[in-house]
Amino acid sequence: MHLKSAFLLCLLRGVFGADTGDTESVWVMLGDWVTLHTGIGSVRRDHHIIWRFGPDSPDSRIAELMKWSYMLSVFVSGQMPFRDSLQLDHRTGSLTVNNTTPQHSGLYRLTIIHNRKTSRKTFDVKVYAPLPVPVISADSSQNSHRSAGPACVLMCSVTNASRVTLSFFKGSDLVSSVSGSDFSSSLSLPLDVEAHDENTYSCVVNNSISNHTTLFNTTRLCQPPPAASDKSLLFCLLLLLLIPVTVMAVLLCVCRKQRKAGRESGACF
């Protein structure tokens, strides 16, 4: 048993073969499944297939398949984060991850040993959450302090997003963009819009596997503030309405006082 373990350890270290060092990037939507292929048509006699997740160490083994003349040995990890989510194809040795979560993102290392030759491959798996819809709004904090220049500043924002790119387009032309990191929770991008701009604008959020687009009308979002003359006119109208009401209230108070004093009721009209 010890001789057999030592022999397998030598094979794993590549004593009898070369390490190809290939890495394949794989993207999957949250909750979907992904299959990592070995590239083997079918598992044959003396095939030894090992899958590891994370750091390349003996403790990172998550699945293993060994075939001898009349026997097949299969191991699939039931530990977190792979509880009930791993499936190993006994015919090809390919590994399937079901019901993917963010914890399933990472490096999956494949080792194939056959006929004293060792080949290795790495899969870089990234699990993406569904993209939010970009929200367009006027940036009142900047617009209120603008005395000249663009008519207004628009802001495109997304929340609960990571590893995404946020972009403004004028028609089909890219105007500006910004990218978030793996840990971004919100992302915003400003856009200066000139007065009476009738071009078609859009804000697009995208990652490696999907995108969302929001079209918007600058005329509706960039309404000019009321003119100062309009405010003055409104104030004057309100004042004119208040004067008669105030005079009538004063007359009524005077009349009531005179009645209490025993004066004639018609003296106040």
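Any read-out appearing in this document is the output of simple, stated calculations on the displayed coordinates, not a laboratory observation. What you are looking at is a predicted structure, and each value in this text was computed from that prediction instead of being measured.
Structural remarks
- Cross-link partners for residue 117 among the aspartates and glutamates, with Cα-Cα distance under 12 Å and sequence neighbours closer than 8 places in the same chain left out: 19, 46.
- Partners for residue 170 among aspartates and glutamates (Cα-Cα distance below 20 Å; same-chain residues under 8 apart left out): 139, 192, 194, 197, 198
- Net lengthening on full extension, residue 22/residue 248 (0.36 nm per residue, minus Cα-Cα): 72.2 nm
- For the pair residue 177 and residue 160, the difference between a 0.36 nm per residue extended length and the Cα-Cα distance amounts to 4.3 nm.
- Segment residue 194..residue 116, full-extension length gain: 21.1 nm, with 0.36 nm per residue of separation and the alpha-carbon distance subtracted.
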